[in-house]
Amino acid sequence: MSNENHAIRDIVIVGGGTAGWMAAAAFGRFLDNGQRKITVIESDEIGTVGVGEATIPAILNFNRMLDIDENEFLRETQGTFKLGIEFVNWGRLGESYFHPFGHYGQDLHGINFHQLYLREYARGDHRSISEYCMSAMAAKLGKFGRANATARSPVSELFYAFHFDASLYAKFLRRHAEANRVVRQEGKIVRVHRRDSDGFVESVELADGTKITGELFIDCSGFRGLLIGDTLGVGYEDWSHWLPMDRAIAVPTANIGPPDPFTRSTARTAGWQWRIPLQHRSGNGHVYSSQYLDDDAAEAVLMANLEGEALADPRRLRFTTGRRDLSWSHNVVALGLSGGFLEPLESTSIHLIQNGIARLFALFPDKNFNPLERDEYNRGMRDLYEDIRDFIILHYKATQRDDTPFWRYVRDMDIPEPLARKMELFKTRGRVFRENAELFSMPSWVAVMLGQNIWPEHWDTLTDALDEKRVSEAMAQMRRGYTATADALPTHEEFLRKAGAWAASDVRIVQP
């Protein structure tokens, strides 16, 4: 048993932004025992990247953990609901598909639904698999609904996440954290002091000479990795061979209509463009490879394809896709950009922060810092990063485009062995196996594979034991249920307003 004298009492979070304030809000809620001090060091001089405005459904668990009211959260962050991602021009030019949250249809006699779909498709029914998904059908119609605890299928199958303004989200979490006695310290760190005996970080020194000591440090300092990289010298594993995008340009635009309940990703000549609809604006950006497109040309592509008036000058960002060799070294844990960067194609940036926090809670150390706990944390974070990496690579590898050197490169490049194995298994009989604690489940792999024209040579042989007529009737019934339910839902904006989730500052608010 740990001696109380070994308990960590001083936690220092270096950097604010999304990662810093997510950590602070969670630590303040669960780690403040009346004796532990939690300090966030943040400088107004240092801006934040703020590209992570879209999320995946796991964020609902984080909000529930912090006892955050969902409608208040959406009002305060000018947020909207997200039912999935529309991908345009990824398989071939002119094609699009939808990667929804949730699942497709209902399994029959233990056989995965997509196997039934594959057999029906081969028999000549070429409907989109999206017609068998509640979230996809609601997104197509611009509808939304929130199922109550007793709701039955199909409305209970509507899974969602959020879009929100990242800077407003950080401010929202800051209020929660400070309400739980987290202390914010304004200042820019100019020096880091380490213990001679073991190299652990002992304190950080601010520009005004103030020294802030700690026993556990959380590095949320962004791409620089002030503690994990600059101070401790932890290396960085470069994944640009598989993911050559190394630039992004972001710009907000005015909305030209009600916000869609989904993110859009449109493939361009050397990368892709995002569109994230919020209540008060839309977030837009162009992620691209500087090997195939220069910055000025990339900006021109973005500005020529905006749907509304630009509300600010475009902002340019540089990055290297990859991850730190270690997420936890000595007494420093890296969260957010300091721990690694994966382009936001599948909106996983905030989930990586959330998972890092949850994993730290599960392995929270004392002053002895057991190396076994550190090793387990690093193993789990490495696996998560690699799982997400491979799923993102799939979008590029699975293209049939050959209209530019960029698309020819990613189509023909070598890929990690686990991904190659998954793709080959799917190509034979549409089989997908979820290994360990992989983030993306079977429906996600099916959505991207089929959406980008990877059609199996055959379906699972077990499907042949089911009566074709009964299967066809069951699928037609499912399809009618999803369509009718989506038709009956309110529009996305109507739901936000009626739920009290629309920002009070909006002058167009109508009282229900």
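Scan region 217-251 for residues that are of a type outside the set (D, E, K, R) and without any contact (Cβ under 8 Å) to a residue 60 or more places away in the chain and jot them down.
G233
Can you pull out the residues in region 442-471 that are of a type in the set (S, T, N, Q), in contact (Cβ under 8 Å) with a residue 60 or more places away in the chain and touching a Lys or Arg at 6+ places or on another chain (Cβ under 8 Å)?
N453, T463
Mind counting the residues in region 165-216 that are touching a residue at least 60 places away in the same chain (Cβ under 8 Å), assigned to a loop (DSSP other than H, G, I, E, B) and in contact with a strand residue (DSSP E or B) (Cβ under 7 Å, 6 or more places away or on another chain)?
Total meeting the criteria: 6.
Could you run through region 8-19 and say how many residues are at pLDDT below 95 and farther than 16 Å from L337 by Cβ?
So the answer is 0.
Cβ-Cβ distance below 6 Å, separation of 6 or more or different chains: which pairs start in region 387-407 with a residue that is outside any helix (DSSP H, G or I) and end on one that is among the aromatic types (F, W, Y) and surrounded by 21 or more Cβ atoms within 10 Å (Cβ to Cβ)?
T399/W407; R401/W407
Any residue that is surrounded by 23 or more Cβ atoms within 10 Å (Cβ to Cβ), within 17 Å of V88 (Cβ to Cβ) and β-branched (V, I, T) - is there at least one of those in region 216-226?
Looking through region 216-226, none of the residues is surrounded by 23 or more Cβ atoms within 10 Å (Cβ to Cβ), within 17 Å of V88 (Cβ to Cβ) and β-branched (V, I, T).
Going through Y121, Y104 one at a time, which residue ends up being part of a loop (DSSP other than H, G, I, E, B), at pLDDT 95 or above and either of a type outside the set (G, A, S) or buried (at least 21 other Cβ atoms within 10 Å of the Cβ) (or both)?
Selected residue: Y104, the only one of Y121, Y104 that is part of a loop (DSSP other than H, G, I, E, B), at pLDDT 95 or above and either of a type outside the set (G, A, S) or buried (at least 21 other Cβ atoms within 10 Å of the Cβ) (or both).
L116 - would you say it is assigned by TED's automatic domain parsing to the domain that holds I454, outside any strand (DSSP E or B), modelled with pLDDT of 95 or more and of a type outside the set (V, I, T)?
Answer is yes for this residue.
Scan region 63-107 for residues that are hydrophobic (A, V, I, L, M, F, W, C) and touching a Ser or Thr at 6+ places or on another chain (Cβ under 9 Å) and report the count.
Final tally of qualifying residues: 8.
Which number in (1) touching a Leu at 6+ places or on another chain (Cβ under 9 Å); (2) more than 21 Å from A24 (Cβ to Cβ) marks the one condition that P57 misses?
Of (1) touching a Leu at 6+ places or on another chain (Cβ under 9 Å); (2) more than 21 Å from A24 (Cβ to Cβ), only one is false for P57: (1).
For region 20-29, indicate whether the set of residues that are in contact with an Asp or Glu (Cβ under 9 Å, 6 or more places away or on another chain), modelled with pLDDT under 95 and crowded, with 24+ Cβ neighbours inside 10 Å is non-empty.
No, region 20-29 has no match at all.
Give the residue that is surrounded by the fewest Cβ atoms within 10 Å (Cβ to Cβ), with candidates limited to residues of region 274-290 that are among the polar types (S, T, N, Q) and assigned to a loop (DSSP other than H, G, I, E, B).
Checking each candidate, the answer is S290.
Take the residues in region 228-250 that are not in a loop (DSSP other than H, G, I, E, B) and not charged (D, E, K, R); name whichever of them is surrounded by the most Cβ atoms within 10 Å (Cβ to Cβ).
Only one residue fits best here, namely I228.
When you check E45 against the structure, is it at pLDDT below 95 and not in a helix (DSSP H, G or I), yes or no?
Yes, satisfied.
Take R324 and decide whether it is at pLDDT 95 or above, under 20 Å from the mean Cα position of the chain (by Cα) and closer than 28 Å to L226 by Cβ.
The answer is yes for R324.
What number of residues within region 425-454 satisfy the criterion of being on the phi > 0 side of the Ramachandran plot and in a helix (DSSP H, G or I)?
Selection size over region 425-454: 0.
Tell me which residues, restricted to region 346-385, are assigned to a loop (DSSP other than H, G, I, E, B) and over 17 Å from the mean Cα position of the chain (by Cα).
L363, F364, P365, D366, K367, N368, F369, N370
Out of (1) hydrophobic (A, V, I, L, M, F, W, C); (2) touching a strand residue (DSSP E or B) at 6+ places or on another chain (Cβ under 6 Å); (3) closer than 30 Å to Y169 by Cα, what's the single condition that is false for A503?
With respect to (1) hydrophobic (A, V, I, L, M, F, W, C); (2) touching a strand residue (DSSP E or B) at 6+ places or on another chain (Cβ under 6 Å); (3) closer than 30 Å to Y169 by Cα, A503 is out only on (2).
Looking at region 251-273, is at least one residue part of a loop (DSSP other than H, G, I, E, B) and either in contact with a Phe, Trp or Tyr (Cβ under 6 Å, 6 or more places away or on another chain) or assigned by TED's automatic domain parsing to the domain that holds N331 (or both)?
Yes, region 251-273 contains a residue that is part of a loop (DSSP other than H, G, I, E, B) and either in contact with a Phe, Trp or Tyr (Cβ under 6 Å, 6 or more places away or on another chain) or assigned by TED's automatic domain parsing to the domain that holds N331 (or both).
Name the residue, out of I256, I218, I228, that is closer than 30 Å to T491 by Cα and among the aliphatic types (A, V, I, L, M).
Answer to the check: I256.
Looking at L116, L60, L141, can you tell me which residue is out of contact with any Lys or Arg (no Cβ under 7 Å at 6 or more places or on another chain), crowded, with 16+ Cβ neighbours inside 10 Å and more than 22 Å from T463 (Cβ to Cβ)?
After ruling out the rest, the residue left standing is L60.
Taking F98, is it in a strand (DSSP E or B) and out of contact with any Phe, Trp or Tyr (no Cβ under 7 Å at 6 or more places or on another chain)?
Yes.
Mind listing whichever residues of region 423-441 are within 20 Å of S347 (Cα to Cα) and either charged (D, E, K, R) or surrounded by 18 or more Cβ atoms within 10 Å (Cβ to Cβ) (or both)?
Residues satisfying the conditions are R434, E438, L439, F440.
The values are calculated or read from the model by the stated rules, or taken from the named source; none is laboratory data. Keep in mind that what you see is a predicted model, and the values were worked out from it rather than measured. With ideal geometry, Cβ positions are generated from the backbone for all residues, glycine too; neighbour counts draw on all protein chains shown.
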